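Enquirer: Take this structure first; my questions come after.
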Amino acid sequence: MALAAILMEQTVVMCLFLLLGYLMGKLGWVTQKGSGEITNLLVRIVVPAAIINSFFVERTPERLLQFGVSAVLICAAALLSMVLSQIIFRRHPVENFGVAFSNVGFIGIPLITAVLGEKAVFYIAFYSVLVGVLQWTWGVYTITGDKQHVSPRKILTNPATIAMGLALLAFLPGWGARLPGVLTRPVSMMAAVNTPLAMVVMGCYLAGADLRSVFSDRFNWWASFVRLVLISAATAALFCLVPPAFAEARTAVFIAAITPIGVNTATLAHLFGKDSAKAVAMVCLSTILSVFTMPLMMLLAGWLWGL
């Protein structure tokens, strides 16, 4: 109950940033081109900084164990999401892709930072890497139906993959907690802007969308329901198997798993000549609805887990 209340409070705070971005977009203070440039900043610098910053901690056997457990939970959550999406949307490639992948970078990391603290990003850093790998392999094949479009180079050059490599390079030898402040503070300061910047740019995208089409398409509602409610509830039930000793890791991974459809759905739909307008509408609707569903899913999880 307490976590659901905290999540609700933080969701309201993030909505205020979302509203600010929407107003800025409508007033023309930020153009759609500007939104794309801010997105590049987020994807290439800010989100990687948040990942690296979470590994500036002392390496201990307990942290290594927690990281390993969280990686297993992340794989389980991702696999469950992909399987359910494939079963329900196998004839609809864009919806299949979108529903399979949550918005870990733009909404998951900011929420976890707000609810559990910036060091809790440590638990879900691997999630961003895994999502990137799966999107450019299984996801691209799902959208195109052609294995030739699968790009190993995109996986290796993904900013989250590079950030994870640098983070482990600092953490595993035990340097993470001993690096000088002149190196760690800039990374921490950049990571701190993730929450407002991500939500403002999401608001700008909403300002550029046709809200009438966003709310009028019943299939978008169905896709959002599967992503935000069905998959989230199934993940909460699956995580009942996690021992209480790993409660914080479980909570962090769960929060990342219940976030809405990721913005890469629209990006890749456009890249491969699919219905990008429909993809944008699906991203926007699920983002708006997630304001209400995420606290409810956290409440459900707390009840299932006996919290």
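The values are calculated or read from the model by the stated rules, or taken from the named source; none is laboratory data. Not measured: the values here are computed from a predicted model. Every residue, glycine as well, gets a Cβ built from its backbone with ideal geometry; the counts of neighbours run over all protein chains shown. In case anyone asks, the SASA skips ligands and DNA or RNA and just uses the protein heavy atoms, side chains included. Shrake-Rupley method; radii C 1.70, N 1.55, O 1.52, S 1.80 Å.
Enquirer: Over 18 Å from the mean Cα position of the chain (by Cα), at pLDDT below 90 and closer than 25 Å to Leu168 by Cβ: is that true of Pro61 in this structure? Break it down into steps so the answer makes sense when it comes.
Expert: On the way: over 18 Å from the mean Cα position of the chain (by Cα): yes; at pLDDT below 90: yes; closer than 25 Å to Leu168 by Cβ: yes.
So Pro61 fits the description; yes.
Enquirer: Please go through the range 97-121 and give me each residue that is in a helix (DSSP H, G or I), buried (at least 24 other Cβ atoms within 10 Å of the Cβ) and among the small types (Gly, Ala, Ser), ordered by number.
Expert: Scanning the range 97-121 gives Gly98, Ala100, Gly105, Gly108.
Enquirer: Quick check on my filter: what residues within the range 236-260 are among the polar types (S, T, N, Q) and either more than 14 Å from Ala120 (Cβ to Cβ) or in contact with a strand residue (DSSP E or B) (Cβ under 6 Å, 6 or more places away or on another chain) (or both)?
Expert: Thr259
Enquirer: Can you tell me which residues in the range 6-50 are small (Gly, Ala, Ser) and touching a Leu at 6+ places or on another chain (Cβ under 9 Å)?
Expert: Gly21, Gly25
Enquirer: Determine whether Ser128 is of a type in the set (Ser, Thr, Tyr), under 21 Å from Thr265 (Cβ atoms) and part of a helix (DSSP H, G or I).
Expert: In short, yes.
Enquirer: Looking at the range 218-263, which of the residues that are farther than 15 Å from Thr287 by Cβ and not in a helix (DSSP H, G or I) is most open to solvent (accessible area, probe 1.4 Å)?
Expert: Among residues in the range 218-263 that are farther than 15 Å from Thr287 by Cβ and not in a helix (DSSP H, G or I), the one most open to solvent (accessible area, probe 1.4 Å) is Pro243.
Enquirer: Specify which of the listed residues (Thr11, Thr31, Thr39) is surrounded by fewer than 17 Cβ atoms within 10 Å (Cβ to Cβ) and out of contact with any His (no Cβ under 8 Å at 6 or more places or on another chain). Give the steps one after another, and end with the answer.
Expert: Details: Thr11 fails: surrounded by fewer than 17 Cβ atoms within 10 Å (Cβ to Cβ); Thr39 fails: surrounded by fewer than 17 Cβ atoms within 10 Å (Cβ to Cβ).
Matching residue, one of Thr11, Thr31, Thr39: Thr31.
Enquirer: Pick out the one residue from Val12, Val30, Val43 that is outside any helix (DSSP H, G or I) and β-branched (Val, Ile, Thr).
Expert: Just a single option satisfies the conditions, and that option is Val30.
Enquirer: Kindly check whether there is at least one residue in the range 53-62 that is β-branched (Val, Ile, Thr), loosely packed, with under 14 Cβ neighbours inside 10 Å and either part of a helix (DSSP H, G or I) or at negative phi (or both).
Expert: Yes, the conditions are met somewhere in the range 53-62.
Enquirer: Here is a follow-up. Does Gly25 satisfy the criteria of being more than 27 Å from Leu166 (Cβ to Cβ), in contact with a Cys (Cβ under 8 Å, 6 or more places away or on another chain), surrounded by fewer than 19 Cβ atoms within 10 Å (Cβ to Cβ) and not polar (S, T, N, Q)?
Expert: no
Enquirer: Take the range 84-96 and flag every residue that is touching a helix residue (DSSP H, G or I) at 6+ places or on another chain (Cβ under 9 Å) and surrounded by fewer than 24 Cβ atoms within 10 Å (Cβ to Cβ). Write out each step before concluding.
Expert: As a first pass, look at the range 84-96 and keep what is touching a helix residue (DSSP H, G or I) at 6+ places or on another chain (Cβ under 9 Å): 84-86, 88-90, 92-96.
If the condition is that a residue be touching a helix residue (DSSP H, G or I) at 6+ places or on another chain (Cβ under 9 Å) and surrounded by fewer than 24 Cβ atoms within 10 Å (Cβ to Cβ), then Leu84, Gln86, Ile88, Phe89, Arg90, His92, Pro93, Val94, Asn96 are the ones that fit.
Enquirer: Residue by residue through the range 63-83, note down the ones that are β-branched (Val, Ile, Thr) and open to solvent by less than 20 Å² (accessible area, probe 1.4 Å). Break it down stepwise before answering.
Expert: Kept after step one, since they are β-branched (Val, Ile, Thr), are these residues of the range 63-83: 69, 72, 74, 83.
Passing the criteria: only Ile74.
Enquirer: Return the only residue of Leu206, Leu285, Leu299 being under 17 Å from the mean Cα position of the chain (by Cα) and either buried (at least 19 other Cβ atoms within 10 Å of the Cβ) or modelled with pLDDT of 90 or more (or both).
Expert: Leu285
Enquirer: Could you list, in sequence order, all residues of the range 161-176 that are in a loop (DSSP other than H, G, I, E, B) and either among the polar types (S, T, N, Q) or at negative phi (or both)?
Expert: Residues of the range 161-176 that are in a loop (DSSP other than H, G, I, E, B), as a first pass: 172-176.
Selection gives Leu172, Pro173, Trp175, Gly176.
Enquirer: Kindly indicate which of Tyr141, Tyr127 is of a type in the set (Ser, Thr, Tyr) and at pLDDT 85 or above.
Expert: Working: Tyr141 fails: at pLDDT 85 or above.
Tyr127 is the lone residue from the list that is of a type in the set (Ser, Thr, Tyr) and at pLDDT 85 or above.
Enquirer: Select, from Ala269, Ala257, Ala279, the only residue that is in contact with a His (Cβ under 8 Å, 6 or more places away or on another chain), aliphatic (A, V, I, L, M) and touching a residue at least 40 places away in the same chain (Cβ under 8 Å).
Expert: Working: Ala269 fails: in contact with a His (Cβ under 8 Å, 6 or more places away or on another chain); Ala257 fails: in contact with a His (Cβ under 8 Å, 6 or more places away or on another chain).
Answer to the check: Ala279.
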